[in-house]
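The values are calculated or read from the model by the stated rules, or taken from the named source; none is laboratory data. Since we're looking at a predicted model, the values are computed, not measured. Here the Cβ positions follow ideal geometry from the backbone for every residue, glycine too, while neighbour counts run over all protein chains shown. Remember, those area values only see protein heavy atoms, side chains included, never the ligands or the DNA or RNA. Shrake-Rupley method; radii C 1.70, N 1.55, O 1.52, S 1.80 Å.
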Amino acid sequence: MLRRTDPVGRPDDLTPGHPAEAPGDPVRAPSRGTAPVPLSVLDLVTVGAGSTAADSLRTSVRLAKLAEASGYHRHWVAEHHSMPGVASSSPAVILAHLAAHTRRIRLGSGGVMLPNHAPLAIAEQFGTLEALAPGRVDLGLGRAPGTDGGTAAALRRGRAGERGSEGAEDFPQQLAELTRFLDDDFPDDHPYGRIHAVPGPVQGPVARPPIWLLGSSGFSARLAGVLGLPFAFAHHFSAQNTVPALDLYRESFRPSAVLSSPYALIGVSVLAADEEREARRQVLTGALSMLRLRTGNPGLIPTPDQAQGYAFTPLEREFTDGWLSNVVHGTPDAVRAGLDALQKRTGADELMLTANVHGGEQRLRSYELIASVYELAGQTSAEVVQN
């Protein structure tokens with residue numbers, strides 16, 4: 001059973017971590033400025049060569065503040081494990097930190113990998129986040145491990161060192177269990193009937209984060225449609241499947257208490273720079289990082305000089321060229337044209353932008369330039385992104 005509890009009891013002050021209630025639908029968002037649809041941020045908390053995880057996490061705070069001031073709608077972080085080039089293994093921890101430094105922007109997971117965790121643990125983590133940042137938390141769920149098979153096995157170890165039996169194939173059952181914990185509505189005769197996720201409804205009327213399903217293929221697209229949930233597709237690393245997956249989601253959609261009609265966002269790799277040449281120089285760092293990951297040699301995101309000096313084999317060059325063909329990059333006007341064309345081609349209801357490049361300053365500048373070219377807010381303030 002999937003239902004949404006109406007928000008109640010929102011505080012009126014705007015102190016960090018306790019925002020006034022965000023108006024409107026918790027899923028659907030209005031577009032701002034001249035953007036065709038709402039624009040949001042997917043933060044991979046990338047760690048570049050020569051920097052540290054602490055540096056990247058500080059950049060994430062600056063990015064969340066910039067995104068909020070500039071008119072972006074959401075700021076999501078994604079769960080990854082055993083990858084030196086990212087520092088986002090614990091989305092709930094990062095989101096709690098970002099909640100303390102922002103006031104209005106929606107915060108969420110893009111996503112939490114449900115097979116890695118007990119549903120009760122996720123319900124309690126995101127119930128806590130909802131209590132910290134009422135009315136602005138999203139719970140995005142994925143069925144992949146967010147890592148390699150060996151690390152997934154280590155994450156899911158059971159008693160006496162045995163690997164847990166649940167995996168991606170059990171995702172619908174795990175999702176149903178998580179939803180019941182969030183709603184506190186197990187039947188009395190259920191084995192979990194006397195177990196309550198706290199913070200949660202057992203403590204009084206409370207909202208809960210809207211659930212999103214994430215995917216890079218048709219499985220989650222169909223499931224999201226059947227359940228009437230919002231859907232987020234990983235176009236940034238599965239571009240060839242974007243249109244088929246969105247079509248399947250829309251065809252499968254059944255109205256629910258959450259949504260009366262489909263709502264789909266897509267993650268898009270984007271990098272805007274003042275000059276096209278600099279944009280190309282920066283995105284090559286992410287392409288080389290992905291090549292290393294796909295060939296079993298993950299590491300910190302290389303510097304632009306390292307990426308430009310790398311001796312690509314013909315096969316490696318073919319991979320990176322293919323990867324870069326799906327990264328919208330260039331001057332702000334070029335990026336705007338690319339995003340507009342992508343939205344028109346896919347019919348996406350929201351674009352979630354990610355900048356997987358080496359430098360934190362380059363990522364911040366990119367989001368600022370995109371907000372400016374779309375006039376998302378009246379102005380961006382340099383002061384809000386200072387440490």
Can you give the angle from 0 to 90° between the axis of helix 242-252 and the longest principal axis of the chain, with both taken from C-alpha atoms, to the nearest 10? 20
Taking 0.36 nm per intervening residue step and subtracting the Cα-Cα distance, what contour gain separates residue 154 from residue 256 on full extension? 33.0 nm
Cα centroid separation, the stretch 300-318 to the stretch 176-211 (Å): 49
Once the convex hull of the alpha carbons of the chain is built, what does its volume come to per residue, in cubic angstrom? 139
Long-range HN-HN contacts of residue 301 with modeled amide H, under 5 Å: 47, 48, 49
Could you please state how large a percent of the accessible area of the chain is carbon and sulfur, counting protein chains only and using a 1.4 Å probe? 52
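Within the chain, what's the longest run with no GluC sites (Glu not before Pro) in a DSSP loop and at most 12 other beta-carbon atoms within 10 Å? Give the range, please.
The answer is 1-161.
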Leaving ligands, DNA and RNA out of it, work out the accessible area of residue 112 with a 1.4 Å probe and give it in Å² to the nearest 10. 10
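Give the accessible surface of the chain per residue, rounded to a whole number of Å², with probe radius 1.4 Å and ligands, DNA and RNA excluded.
Each residue of the chain exposes 43 Å² on average to a 1.4 Å probe.
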Taking Cα atoms, the helix 53-70 axis meets the longest principal axis of the chain at an angle in degrees (rounded to 10) of 80
In degrees, nearest 10, the alpha-carbon axis of helix 276-294 is tilted away from the dominant principal axis of the alpha carbons of the chain by 60
Once the principal axes of the Cα atoms of the stretch 18-132 are found, what is the range along each, listed largest first in whole angstroms? 38, 37, 26
Roughly how much of residue 374 is accessible, in Å² to the nearest 10, using a 1.4 Å probe? 0
Put 90, 252 in order of accessible area, largest first, probe 1.4 Å, and you get 90, 252
A chain fully extended from residue 93 to residue 53 at 0.36 nm per residue, minus the present Cα-Cα distance, gains in nm 13.0 nm
Kindly report, to the nearest 10 Å², the accessible surface of residue 25 as traced by a 1.4 Å probe over protein heavy atoms only. 60
Choice from 73, 190, 329 showing the highest fluctuation, given a GNM over the chain with Cα pairs closer than 10 Å: 190
Could you work out the helix-only [θ] at 222 nm for the chain, with each DSSP H run of four or more residues adding -39,500 (n - 2.57) and the total divided by the number of residues, to the nearest 500 deg cm²/dmol? -12000 deg cm²/dmol
